[in-house]
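Inspection log for the structure reproduced underneath, given as structure tokens.
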């Protein structure tokens, strides 16, 4: 491993906190990742020294803010290997990005009887926008089933994908199961049917390198706060050819070239989809987060996180009555489980008393909970700054929970 975990931990101020008198053990990275000092300082410096709107002023502060803002766009382009910076649209997050595609691409190109294909493990953000579109346009939403292990049934995907399928929208990494889907196979098969593909990459960007050109996806979306950056900012990547054909999803400042009461002319990419004042500090903070991540070795991160995942799975297995939800062969660093006779919310509350942060609930994937016949799960989600000793503390805390509910 080419990095020191203990050294990296010093970059994250939250990890020095104490909760209920104990050192914080933060195991809720799938909900949001912690922020390194470099990101925090970049945002602080922007507000202290460069507060201004972007793209509109000729004064010094505006020009400085605009330059840094657009540099972040280029950083995102390089980070996901988009062919052009103009293919990078800044959004409020993954949810916003999916909704833009649904409202712009979906409303323009899909018609009654057309089918949209998603999987059973999708986040609500990749379900509800398509349901809304189907209600409006008369489209049909089809769902790829998943196995008891939490993997898509690829043979069923092949059957569901027909000439009626006009869009496939699928998650790269499941936030509630940890499953890594066979995205390249999905894209290749969909493209064979001349069907565009949207990839929800929210949980993938912090765990693996992303190359949208190699994947050949048509749309790729993610959130800054899942990548050690700020909340309230995200990215929609789209192929230039598609984005040029799509109308704006919102109207207002910056997405226009000219306005009269008779007619409005829209701006060029990417600004056509960026109505209003953007989250300037958030975009700049995202750029700083990408700078931080790019200094790391993704191969080493993947190796270390896989070691943590295996260690955690083996350690948790020893706890009486524990059942894993999601046991796919290819998984990111997520361990979702139930304890027999104990509600997940009670688990989360009790381990919090030990200073341990995990997520409990349906994780915005209620269909997944229904599939496995559970009301909720307790979820441990790991990042490269977590350690085996933190997993040991979790196991000890869960043993205490188990003793309270024998």
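The values are calculated or read from the model by the stated rules, or taken from the named source; none is laboratory data. Please read these numbers as outputs of a predicted model, since none were measured by experiment. When we count neighbours, we look across all protein chains shown, and the Cβ atoms used for this are built from the backbone with ideal geometry, even at glycine.
A few comments on the model shown:
- Residues in the range 238-270 that are surrounded by fewer than 20 Cβ atoms within 10 Å (Cβ to Cβ) and assigned to a helix (DSSP H, G or I): 240, 241, 242, 244, 245.
- Single unsatisfied condition, residue 292 versus (1) farther than 23 Å from residue 26 by Cα; (2) under 19 Å from the mean Cα position of the chain (by Cα): (1)
- Whether a residue is over 30 Å from residue 55 (Cβ atoms), out of contact with any strand residue (DSSP E or B) (no Cβ under 7 Å at 6 or more places or on another chain) and assigned to a helix (DSSP H, G or I) was assessed, and residue 301 passes this test.
- Taken together, the residues in the range 349-375 that are in a loop (DSSP other than H, G, I, E, B), crowded, with 17+ Cβ neighbours inside 10 Å and on the phi < 0 side of the Ramachandran plot amount to 5.
- Residue within the range 364-374 that is within 19 Å of the chain's Cα centre (by Cα) and under 27 Å from residue 36 (Cβ atoms) present: yes
- Any hit, the range 276-298, residues being modelled with pLDDT of 95 or more, part of a helix (DSSP H, G or I) and touching a strand residue (DSSP E or B) at 6+ places or on another chain (Cβ under 7 Å): yes
- Residue 115 within 15 Å of residue 190 (Cβ to Cβ) and in contact with a strand residue (DSSP E or B) (Cβ under 7 Å, 6 or more places away or on another chain): yes
- Taking the conditions (1) part of a helix (DSSP H, G or I); (2) at pLDDT 95 or above in turn, residue 83 satisfies each one other than (1).
For (1) surrounded by 13 or more Cβ atoms within 10 Å (Cβ to Cβ); (2) without any contact (Cβ under 8 Å) to a residue 40 or more places away in the chain; (3) touching a helix residue (DSSP H, G or I) at 6+ places or on another chain (Cβ under 8 Å); (4) in the same structural domain as residue 281 (by TED's automatic domain parsing), each residue gets a yes or a no:
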residue: 12; (1), (2), (3), (4): yes, no, yes, no
residue: 15; (1), (2), (3), (4): yes, no, yes, no
residue: 18; (1), (2), (3), (4): no, no, no, no
residue: 22; (1), (2), (3), (4): yes, no, no, no
residue: 47; (1), (2), (3), (4): no, no, yes, yes
residue: 58; (1), (2), (3), (4): no, yes, no, yes
residue: 68; (1), (2), (3), (4): yes, no, yes, yes
residue: 73; (1), (2), (3), (4): yes, no, yes, yes
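- Filter result (free of Cβ contacts under 8 Å to residues at least 40 places away in the same chain, farther than 19 Å from residue 175 by Cβ and under 20 Å from the mean Cα position of the chain (by Cα)) within the range 94-130: 102
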